[in-house]
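The values are calculated or read from the model by the stated rules, or taken from the named source; none is laboratory data. The model shown is predicted, which means the values in this text are computed figures rather than measured ones. Please note: Cβ atoms are built from the backbone with ideal geometry, for glycine as well, and neighbour counts cover all protein chains shown. All accessible areas refer to the heavy atoms of the entire protein, side chains included, with ligands and DNA or RNA removed. Shrake-Rupley method; radii C 1.70, N 1.55, O 1.52, S 1.80 Å.
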Amino acid sequence: MMNILVINVSLRPRSPVKLFPIGLGYIATAMKQGGFVFDLLDIDGHRYSDGEVEERIRAKKYDVVCMGCIVTGYRIIKSLSALVKSYHPHAVVIVGNSVATSVSETLLLRTDADVAVMGEGDETIVDLLGALKDSKPLAEVAGICFVKEGKLVKTPPRPLIKDISRLPYIDFSIFDVEAYIKTSKHAVHDPLPFPRDEARALPINTARGCIANCGFCYHVFRGMPYRYRSPDSLIGEIKTMIARYDLNYINFWDELTFFSKKQVKGFIDKILAEKVHFFWVADCRANLFQSEDDIPLIREMKQAGCLGLGYSLESADPEILKAMNKKTTVEQFSRQTRILRKAGMATLTSLVLGYPQETPETIRKTFDCCVENRIYPSAGYLLPQPGSPMYDYVLAEGYVRDEEEYLMKMGDRQDLIINLTKMEDDEFVSHVSRGLARVNEALDMGLSEKELIKTQHFRSKK
């Protein structure tokens, strides 16, 4: 019998927000249903110190260690895999999520990771653990990458799970779920119909992928067809979660919740028919609702518990939007905002600042748009993600000469890591800070300077 350890890393250990690791939740559920017994080291859920992490890793002999995160956590994966190998030199370290898919060569050649799970991992992890258990060649497992005799071996891609509605519901009992529910008040959006301290929320994944192909964005499902779950599947899981954990709010944790009005209608009809009571915020594209004829549907969404919709402006400059491959316009964004407001729906948006075409004038124009639409954005600097067109650009232009050096300093998008504009860093940051302050003043929100820069009302990049 193999001794297996699953690690949930902590990307933001000082943040009051604890976001349930929904990707790892699917992987751990698949492992459990596949008959594999494992220990869980939930660093983020319990905010273990480095010393406590080391103590738990060395406390028991492990044959396999599984972990993963988004690519900005590369340095954490590098550190943890080295720590694992220091106590368990013969253990197989398996890494998944975008840190494995987007930089597999760097991950496998410059860290102590042994196997990278590429793309969708639900079926791959079960096959991979089975191969390790039965001492079968790793080359027989589809959808992985590993090093053999100093050379990188990439097996054939695993076929996509076409119908993601058939995936099992996440088994939250694997985790200390109350640790996440207790801090969920920090992860829910305003406006709330109840005191924030009363929020009890968990996330659900409604879809995989996105219909868009924005140049700055990277996720595990990039380049794959957009797949979304049926209303029956979603409401079935939501009802189970509410009954089991006494939830009053559900977070939709995906790249794109709604791509069509037909999809919206099917979902809210199911909520109303089943008489399921919960609150939620969804995301969509900035061109989904473009007619006042959509107002009745939006009001039905409110009746079904929707508190707001998030959709990205990113920039108010047409040239930058074209460079981003957004395929939405400022006019569509503003029109949708007006329609949603008329229907009584709250609106949320995000910005990506720092494309090569960015100037003080384009920044001013973008924040003017926010003021005009009375919407405070989650603003972030362009952070070129490996696997994205903008990462190819920074490589070609010489901004990144050593991939690992870049990966080791990647952080959140609120940190300016690479400045592609013609402005000096201080000038660029100053224009952004002043723009946020101007929106804050115009909307009379009363946010502090720190909150202006760090607040993330909306995480999506649609």
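This table checks each residue for (1) assigned to a helix (DSSP H, G or I); (2) open to solvent by 20 Å² or more (accessible area, probe 1.4 Å).
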residue	(1), (2)
Asp190	no, yes
Phe194	no, yes
Asp197	yes, yes
Asn213	no, yes
Tyr218	no, yes
Arg222	no, yes
Glu237	yes, no
Met241	yes, no
Arg244	yes, yes
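Taking the range 1-117 and the helices (runs of 4 or more DSSP H) fully enclosed by it, the elements with 1 or more residues that are within 22 Å of Phe172 (Cβ to Cβ) are at 22-33, 43-46, 50-58.
Here the range 373-412 is the region considered, the condition is being among the small types (Gly, Ala, Ser) and closer than 19 Å to Gln357 by Cβ, and the residue that is surrounded by the most Cβ atoms within 10 Å (Cβ to Cβ) is Ala379. Taken residue by residue, the range 167-185 has at least one member that is over 29 Å from Met224 (Cα atoms), among the β-branched types (Val, Ile, Thr) and open to solvent by less than 20 Å² (accessible area, probe 1.4 Å). Figure legend. Inter-residue proximity from the range 53-66: first residues open to solvent by less than 20 Å² (accessible area, probe 1.4 Å), second residues among the aromatic types (Phe, Trp, Tyr), beta-carbon distance below 6 Å, spacing 6+ or different chains. Indicated pairs: Ile57/Tyr87.
Whether a residue is closer than 17 Å to Met345 by Cα, in contact (Cβ under 8 Å) with a residue 12 or more places away in the chain and surrounded by fewer than 22 Cβ atoms within 10 Å (Cβ to Cβ) was assessed, and Glu292 passes this test. Summed over the range 148-182, the residues that are part of a helix (DSSP H, G or I), closer than 20 Å to Ile7 by Cα and among the aliphatic types (A, V, I, L, M) give a count of 4. Filtering the range 32-51 to residues that are open to solvent by 50 Å² or more (accessible area, probe 1.4 Å), more than 16 Å from Glu178 (Cα to Cα) and in contact (Cβ under 8 Å) with a residue 60 or more places away in the chain leaves Lys32, Gln33. Determine, yes or no, whether Lys78 is open to solvent by 40 Å² or more (accessible area, probe 1.4 Å) and in contact (Cβ under 8 Å) with a residue 24 or more places away in the chain. Spelling it out, Lys78 is indeed open to solvent by 40 Å² or more (accessible area, probe 1.4 Å) and in contact (Cβ under 8 Å) with a residue 24 or more places away in the chain.
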